[in-house]
Each structure stands twice: as structure tokens, then as C-alpha cells.
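See below for the structure under consideration.
The values are calculated or read from the model by the stated rules, or taken from the named source; none is laboratory data. The structure presented is a predicted model; accordingly, all values stated were derived computationally and were not measured. All Cβ positions, even for glycine, are placed from backbone atoms using ideal geometry, and neighbour counts span all protein chains on display.
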Amino acid sequence: MSKEETKVKGPNGTSRRDFLRKAGSYTAASLSGTAMLLSDPKPAKATANVSWAEHFQKNYRLMTDEEKKEAVTRLEHRYSEEFGKKVEVDDAPAMDGVLFGYALNIQKCIGCRRCVKACVAENNQSRGENQQIEWIRVLRMEKGKFSAEDRDRQGYPEDYGVQVGGNAYKPAGVVLEGQHYYEPDLVPEKDAFYLPMQCMQCEKPPCVKVCPVRTTYRDPDGIVVIDYNWCIGCRMCIGACPYWARRFNWGEPDLPAQEMNPDTHYLGNRPRMKGVVEKCTFCVQRTRKGRWTACVEVCPVGARKMGNLLDPESDVRKVLASKKVFRLRADLNTYPKFFYFME
Amino acid sequence: MKRFIQFVIDFLRSGFTGGVLFWAWMLFLSFFIMLWGYGEFVQIRDGMIVTGLNDQVSWGFYLANFVFMVGVAAAAVTVVFPAYVYKHRELHRIVVLGEMLAIAAVIMCLLFVTAHMGRPDRLWHIFPVIGIFNWPHAMLTWDVLVLTGYLLLNIVGGFYFLYKKYSDAELNKAFYLSVVYIAIVWALSIHTVTAFLINTMPARPMWFHSMMPIKFITTAFAAGPSLIIIVFLLVRRFTPLKIADEAFHVLSQIVVWCLGIALFLTLSEIVTELYPSTEHSLGLQYLMFGHHGLNSLVPFFWTAMVLMIGGFILLLIPKVRKNLMALPFICIAVFIGIYIEKGVGLMLPGVTPTPIGEFAEYTPSSIEFMVVGGIWAIGFFILTVLIKGASGVLLSEVRYTEKASPSIRGEQTRPATI
């Protein structure tokens with residue numbers, strides 16, 4: 001408290017200015033309280049100090065180097081203030097001679113979802129009750145099995161509709177071939193195998209084609225990125241993605257300050273705002289510095305491999321050369337750079 | 001220029017003049033427009049989380065209404081086309097009312113799209129020059145182009161005609177007719193492109209078929225004229241403007257044939273999808289029969305079918321079709337049937353199941369109902385003003401005089417009640 005304020009302290013030890021300020025905030029509080037009663041209470045705290053410059057900045061890809069630096073510094077200041085720690089926003093461009101690819105061993109995956117958790121922690125996804133965003137979905141696939149008791153009298157599972165995959169006997173609300181809501185005490189389960197899915201970083205991404213404002217695009221290293229500040233939230237990309245890889249921030253993301261990962265990239269894991277789309281970026285903030293993605297790093301069974309497709313010595317190229325490999329929805333000609341393999 | 005300003009003032013004055021019934025109607029609409037304002041406010045403040053949409057069903061009620069309204073907008077052509085191409089005299093007299101309907105419908109479309117957007121504050125990102133317009137790659141940019149183009153064509157065509165009539169001047173036929181003919185072709189394009197918007201995504205198998213554009217157009221040309229018939233009957237009832245019975249006969253014939261083709265296409269789709277019953281037909285199956293107890297769409301689908309088929313059969317009977325007392329009720333039934341079939345009945349099974357096969361039920365939230373209801377109210381509000389103003393001009397009640405004060409003079413002595 002400054003000297004001047006000490007002088008006008010009232011009898012209760014509160015300064016006049018303090019009192020006025022408090023009174024003012026009470027009034028404001030009761031006013032906003034009324035407003036809250038009239039509507040859903042949810043103050044947009046994260047958008048409060050977004051500067052005009054941020055509102056009117058260009059599409060990231062069209063910015064000059066200076067403008068990029070400006071945008072990045074602006075964000076670093078805002079995030080540091082908001083999360084109470086030094087936040088770094090990287091703007092590293094794609095490296096020359098690199099094309100990222102990914103390979104996942106479905107034989108090894110035990111469905112523990114450590115990759116999901118690590119991804120959420122690394123990439124600053126929204127968490128909590130209101131809005132939970134996960135970029136990786138682990139599907140629990142039922143192993144092929146046949147049980148005579150499970151048949152109905154006609155020998156055909158009529159009540160459950162058309163027999164599809166191993167899942168025709170399951171009740172409503174779950175997926176066809178697999179489902180991602182499993183919660184066993186122990187993994188792996190005896191009667192299941194697991195198929196994690198995330199953004200496939202397609203070479204011909206349908207999401208990029210349909211984006212009306214080119215906010216999502218394929219960078220030269222093959223990663224499909226999003227400029228969150230340019231996205232208009234039309235969700236065309238969500239409709240076009242055959243892998244259900246894209247997530248929308250329905251509300252203001254819920255990212256506790258102490259859990260926030262301060263090592264961010266402009267096109268990657270920097271905190272997002274409501275109304276924009278996000279998805280896996282192969283941890284662009286890590287991979288462009290020569291590190292593994294969080295999911296590769298955390299996988300306890302080594303099911304996840306990634307590397308430079310242009311480098312014959314990389315893990316992913318070795319997998320492609322020596323294992324049985326397949327891609328999802330290859331019929332759609334999206335050319336995913338996310339491969340599944342078996343020994 | 002002074003004359004043009006005078007025209008705008010007189011037009012609006014005529015549009016906003018009316019009796020108790022008129023003001024009651026406008027007040028009624030204003031109530032819903034206020035709800036729209038509130039709904040949009042909450043949605044912009046808190047995000048789309050206030051809607052019933054979710055990761056599984058990320059396109060819903062807003063886009064359903066959008067798709068339907070594009071059809072209604074395009075259907076103005078059902079008045080314009082016979083009037084100019086077949087030189088239908090009765091429709092020719094009132095063709096401008098069809099254009100007014102198109103203007104209101106396109107404005108509604110744009111409002112529905114804005115409501116669907118997660119970041120309406122960034123709408124400028126899509127504007128050419130100041131933003132990035134991903135044309136010709138993104139189908140949405142095509143849709144923006146054809147919709148705004150259609151809006152402009154109708155504003156230019158409709159108001160040019162009205163302005164000339166207002167100032168008692170000769171139409172420049174070459175200019176006016178080229179606008180009209182371009183608008184006719186353009187009307188088909190808006191609905192075709194809207195169909196392309198959703199049927200070019202193999203990730204959504206229910207939409208992924210080449211029948212979509214023609215089905216859109218036929219349903220549009222059934223629902224649109226149905227609405228036009230109702231509006232014209234109201235115009236005839238509440239304004240001195242005379243619309244001959246024959247105009248209604250033409251329109252109801254268009255409704256019945258387009259409805260017939262639409263039903264045929266629907267049936268073809270059902271057979272094609274359900275006979276082999278591949279996974280790709282699960283959306284349609286979900287719509288028609290539900291899925292393991294998730295059957296919130298089932299009653300809507302069958303209601304739509306009953307309304308459409310019933311309407312078709314009734315309209316096939318010339319006696320019923322030409323009965324202008326029964327016609328509006330059949331038209332309402334057809335309109336509602338197509339609104340369901342082409343709205344939620346198309347949008348929701350398209351995104352259900354998700355690409356990984358998950359079924360999720362979606363119910364629009366109260367905010368979504370407020371916004372959608374409000375946009376409909378805005379549409380009717382604009383339509384009422386435009387139709388009243390236009391019929392004033394057509395009746396020569398609203399005409400240019402050299403005096404500074406506007407003059408309302410007409411052959412009719414009966415004051416307009418709506």
C-alpha cells in the first residue's frame with residue numbers, strides 16, 4: 001500500500017479507496033451475479049486480455065518473419081501472465097529433408113492408455129468435467145470368438161441387427177468393430193486387442209481440402225497443422241475426416257495453470273481458445289527439435305515408433321521394410337503416414 | 001439518387017404500415033427475435049457448449065435448417081421460371097413476390113451458417129482480400145459464392161423492377177431479363193452446391209452418393225412452392241393484390257410432380273442401401289428403425305414419410321389440388337414433411353454413426369431452439385415487410401411524386417390490413 005493511502009485509512013483499518021473499490025466490486029459482483037442468474041455463469045477469463053492485435057493478425061502461414069515473431073511474443077506474454085509461469089511459444093518451421101511417419105504395433109499394444117494421458121498432459125488439452133479432449137482414442141477390439149450360447153434361436157443375432165465384426169452381441173451406444181469406453185481393472189484383457197487411433201497426418205488430407213479459410217494445412221515435414229487463431233469453427237474438417245481425429249473446443253478449454261505445459265509451439269500445443277478445432281500434431285513442439293512425441297516416449301511396451309520417412313535408417317522405415325503393415329481406410333486415398341503393423 | 005432514397009423510404013413505410021393484426025404479427029415475431037438475440041449472446045459468450053452438439057454429432061440443427069432454407073430460396077425459381085420462360089401471365093404479375101421470398105430465405109441461410117460457426121467473430125477470415133478464400137478447393141467457399149450471388153441477383157432483379165414500377169419508368173428489358181435468366185440458372189446452382197457441400201465427404205457414407213443434388217432440387221421445388229402458395233394465399237387474403245387461381249394451379253402442379261420425383265428418389269435410396277445392408281447403410285437404418293433402442297429419429301422419419309406420401313396422393317387428385325381451401329393445409333403438411341426429411345432427417349443420420357462406428361443421440365438444446373426459432377422469425381419479419389412493400393408498389397399505392405413528402409395514392413380505397 002502506498003503512503004498516500006495509509007494517510008486516509010479509516011477507523012477499521014480500511015482505506016477509503018479500498019472501501020470504494022470493494023463497494024464498487026460488490027456492485028459489479030451483484031450486477032454480474034444478476035446477469036449470471038439470467039444466464040449460465042461462465043466468465044470468459046481466458047479471453048479477457050486478448051489484445052486487439054491478436055484479433056486482427058494474419059493467417060500464420062502468410063505472416064512475415066517479423067510478424068511471426070510479434071505474434072509469438074504477444075502470445076508468450078499473454079500465456080505467461082495467464083498461467084503464472086514462463087511460457088515459451090516456439091515457431092520452429094519444418095526441417096528440410098524430413099517427412100514424419102509413424103508406426104504402431106497393434107500386436108504389442110496393451111490398451112493401457114498411457115499414451116492418451118501423456119498426450120493430454122503434453123499438449124495442453126482441455127480436461128475436467130465440462131470438456132475433456134483427447135487426441136488419441138484407443139479402441140478395444142473384441143477378439144474373434146464364437147460361442148454357441150450367445151446365438152439366438154435362429155442362429156442369427158437379430159435383436160442386435162446386422163452382424164458386424166465381433167461386436168454384434170453388444171448393446172446400444174458402442175461402436176461396431178471396437179469401442180473406446182472400456183474400463184477394465186487390468187490390461188490387456190484376455191478377449192481383446194487394441195487399436196489406438198489419432199490424426200493420421202494424411203498426405204492427401206480431406207480436412208485441408210475442405211477448410212474454407214486454409215487455417216489447417218500440411219507443413220513440408222508432412223504434419224497437418226492448424227492456426228488456432230485463424231480457425232472460424234465451421235467444423236467442415238470434422239465432417240471430412242474419416243478417422244474422427246479432430247476435436248472441437250465446445251467451450252472455453254479447462255486447463256489448470258499448474259498442469260499447463262509451458263513448452264509450446266504456435267502450431268501445436270499452445271493453449272487453445274473456445275470455438276476452434278484441434279488435433280494431434282505429432283507433438284510438433286518436440287519433433288521439430290529432434291525429440292520423440294510424448295506417446296512414443298511413454299509407451300511401456302514400445303508399440304509406438306516414429307521417425308523420418310526420408311531416412312532409410314529411421315525406425316519407421318525399418319518397420320515398413322520388414323513388417324506386415326496396413327493403413328486405415330486406404331480405399332479413400334488419403335495416404336495416411338500413420339501405419340499399423342504386426343510382427 | 002433523391003428518387004432512389006425516396007423509394008427506399010416509401011417502400012419501408014409501406015412495409016411497416018398496417019392494422020392491428022399486422023402489428024400483432026410483428027410483435028409476435030419480435031418476441032422470437034429477442035430470444036434469438038439472447039441465444040446468440042449466450043452462445044458467443046460461452047461457446048458452442050451451450051448447444052446439444054458434441055464430438056460425435058458436431059453438425060446438427062443449425063445446418064439442418066440451413067440446408068432446408070437453401071432449398072426454399074432456390075424455389076423462388078418455380079415462380080420466375082414459368083413466368084418468363086413459359087410466359088405465364090398470372091405468375092408474371094407477381095413474380096417479384098417470389099424474389100422477395102428468395103431474399104428473405106437467403107438471409108436466413110446466412111444467419112444459420114453464422115449460428116453454426118464456432119467463431120463468428122472471425123467471419124472476416126473468409127472474405128476475399130482481407131481474409132483467405134480457399135477457392136476453388138473448399139466446397140464451402142463455393143457455397144458462399146453462390147449464395148451471396150443469388151442474394152444479390154434477387155435484390156438487383158427484384159428491386160430494379162419495383163423501382164422502375166415505382167417511378168413509372170420503362171424497364172430496360174435487356175438488363176432486367178438477363179438478370180432474371182441468370183438468377184434462374186443460379187437458383188439451381190445454390191442447391192446443387194449445397195448438396196456438394198455434404199456429399200463430397202466419403203467419411204460420411206450416408207451422404208456420399210451422386211443423387212444428392214437432384215434430390216435436393218426436387219424436395220426444394222416441392223417445399224418451396226408449398227410455402228409460396230401459402231404466402232400468396234395470405235397476400236390475396238390480406239392485401240388488395242389480386243392473384244388469379246390459375247397461379248396456384250401452376251404452383252400446386254409443380255409441387256406434386258417434384259414431390260413425386262423426390263419420393264421416388266427416396267425409395268431408390270432406401271432400396272439401394274438396405275438391400276445389401278452394408279455398414280454404409282447404418283445411418284439410414286438408424287434413421288428408419290433406430291439402433292438398439294436409440295430411436296429418437298424414427299418417429300420423425302415416419303411422420304415425414306406419411307406427410308409427404310399423403311400430400312402427394314391428395315395432390316394427385318385434380319379436384320383436391322384445385323381446391324384452394326384444402327390446398328394450404330396440404331401444403332403445410334408437405335412443407336413440414338420435407339423440413340423433417342431434409343433437415344434433421346438428413347443431417348443427423350449423416351453424422352451417425354461416427355467414422356469409427358459410434359452411435360450417439362443428439363437433441364438440440366434450448367439455446368439452439370431459441371436461435372433457430374429466432375432466425376425463422378427474422379425471416380418472416382423480413383418477408384412480411386418485403387411483401388407488403390412490394391405489393392404496395394405493384395398496386396401502385398406506392399409511387400413516386402415530385403413532392404418531398406411521400407404520397408400514398410392508389411386506386412384501391414380499402415386500407416391494407418396486413
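No other residue among B:Gly357, B:Gly374, B:Gly345 is in contact (Cβ under 8 Å) with a residue 24 or more places away in the chain and surrounded by fewer than 22 Cβ atoms within 10 Å (Cβ to Cβ) apart from B:Gly357. Please verify whether the range B:15-24 includes one or more residues that are modelled with pLDDT under 95 and touching a Lys or Arg at 6+ places or on another chain (Cβ under 6 Å). Taking every residue of the range B:15-24 in turn, at least one turns out to be modelled with pLDDT under 95 and touching a Lys or Arg at 6+ places or on another chain (Cβ under 6 Å). For the range B:124-143, the set of residues classified as within 7 Å of chain A (Cβ to nearest Cβ) and of a type outside the set (S, T, N, Q) consists of B:His125, B:Ile126, B:Gly131, B:Ile132, B:His137, B:Ala138, B:Met139, B:Leu140, listed by residue number.
Assessment of the range A:99-112 against the conditions (farther than 30 Å from A:Pro312 by Cα, touching a residue at least 12 places away in the same chain (Cβ under 8 Å) and outside any strand (DSSP E or B)) yields at least one matching residue. In the condition set (1) in a helix (DSSP H, G or I); (2) closer than 21 Å to B:Val85 by Cα, B:Glu170 is compliant with all but (1). Checking A:Arg291, A:Arg247, A:Arg235, A:Arg272 one by one, the residue that is of a type in the set (Lys, Arg) and away from every other protein chain (no Cβ under 12 Å) is A:Arg291 and no other. Among the residues of the range B:387-405, those that are surrounded by 18 or more Cβ atoms within 10 Å (Cβ to Cβ) and either touching an Asp or Glu at 6+ places or on another chain (Cβ under 9 Å) or more than 16 Å from B:Phe238 (Cα to Cα) (or both) comprise B:Gly389, B:Ala390, B:Ser391, B:Gly392, B:Val393, B:Leu395, B:Glu397, B:Val398, B:Arg399, B:Tyr400. Please verify whether B:Ser268 is over 30 Å from B:Lys388 (Cβ atoms) and either outside any helix (DSSP H, G or I) or basic (Lys, Arg) (or both), treating the condition exactly as stated. No. Consider the range B:177-229 and keep the residues that are more than 14 Å from every other protein chain (Cβ to nearest Cβ), over 12 Å from the mean Cα position of the chain (by Cα) and among the polar types (S, T, N, Q). The one that is nearest to B:Leu324 (Cα to Cα) is B:Thr218. Restricting the range A:192-215 to residues that are crowded, with 22+ Cβ neighbours inside 10 Å, assigned to a strand (DSSP E or B) and more than 10 Å from every other protein chain (Cβ to nearest Cβ), the residue that is modelled with the highest pLDDT is A:Pro196. As an exercise: evaluate A:Ile110 against (1) within 20 Å of A:Met197 (Cα to Cα); (2) crowded, with 19+ Cβ neighbours inside 10 Å and give the number of the one condition it does not meet. Condition (2) is where A:Ile110 drops out. The numbered conditions (1) closer than 24 Å to B:Gly60 by Cβ; (2) away from every other protein chain (no Cβ under 13 Å); (3) surrounded by fewer than 23 Cβ atoms within 10 Å (Cβ to Cβ) are all true for B:Cys109 except (3). Restricted to the range B:315-342, and to residues there that are farther than 23 Å from B:Met211 by Cβ and small (Gly, Ala, Ser), the residue that is surrounded by the fewest Cβ atoms within 10 Å (Cβ to Cβ) is B:Ala326.
Screening A:Glu129, A:Glu134, A:Glu122 for residues that are out of contact with any strand residue (DSSP E or B) (no Cβ under 7 Å at 6 or more places or on another chain), among the acidic types (Asp, Glu) and more than 14 Å from chain B (Cβ to nearest Cβ) leaves exactly one candidate, A:Glu122. Within the range A:270-293, can you find the residues that are surrounded by 24 or more Cβ atoms within 10 Å (Cβ to Cβ) and over 30 Å from B:Arg122 (Cα atoms)? Within the range A:270-293, A:Thr287, A:Thr293 meet the criteria. Residues satisfying the criterion are present in the range B:86-104 (criterion: over 20 Å from the mean Cα position of the chain (by Cα) and either at positive phi or buried (at least 20 other Cβ atoms within 10 Å of the Cβ) (or both)). Check B:Asp46 against each of (1) touching a residue at least 60 places away in the same chain (Cβ under 8 Å); (2) in contact with a Lys or Arg (Cβ under 6 Å, 6 or more places away or on another chain) and name the one condition it does not meet. Among (1) touching a residue at least 60 places away in the same chain (Cβ under 8 Å); (2) in contact with a Lys or Arg (Cβ under 6 Å, 6 or more places away or on another chain), B:Asp46 violates only (1). Is the range B:279-300 home to any residue that is more than 10 Å from chain A (Cβ to nearest Cβ), within 22 Å of the chain's Cα centre (by Cα), assigned to a helix (DSSP H, G or I) and under 22 Å from B:Tyr62 (Cα atoms)? Yes. A:Ala257 satisfies every condition listed in (1) crowded, with 16+ Cβ neighbours inside 10 Å; (2) more than 29 Å from B:Leu63 (Cβ to Cβ); (3) over 15 Å from the mean Cα position of the chain (by Cα); (4) not hydroxyl-bearing (Ser, Thr, Tyr) except (1).
Filtering the range B:351-399 to residues that are within 14 Å of another protein chain (Cβ to nearest Cβ), modelled with pLDDT under 95 and assigned to a helix (DSSP H, G or I) leaves only B:Val351. Within the range B:253-264, identify whether any single residue is of a type outside the set (Asp, Glu) and surrounded by fewer than 14 Cβ atoms within 10 Å (Cβ to Cβ), and answer yes or no. Scanning the range B:253-264, I find at least one residue that is of a type outside the set (Asp, Glu) and surrounded by fewer than 14 Cβ atoms within 10 Å (Cβ to Cβ), so the answer is yes. Total residues in the range B:52-73 satisfying the condition of being farther than 30 Å from B:Val185 by Cβ and within 8 Å of another protein chain (Cβ to nearest Cβ): the figure is 4.
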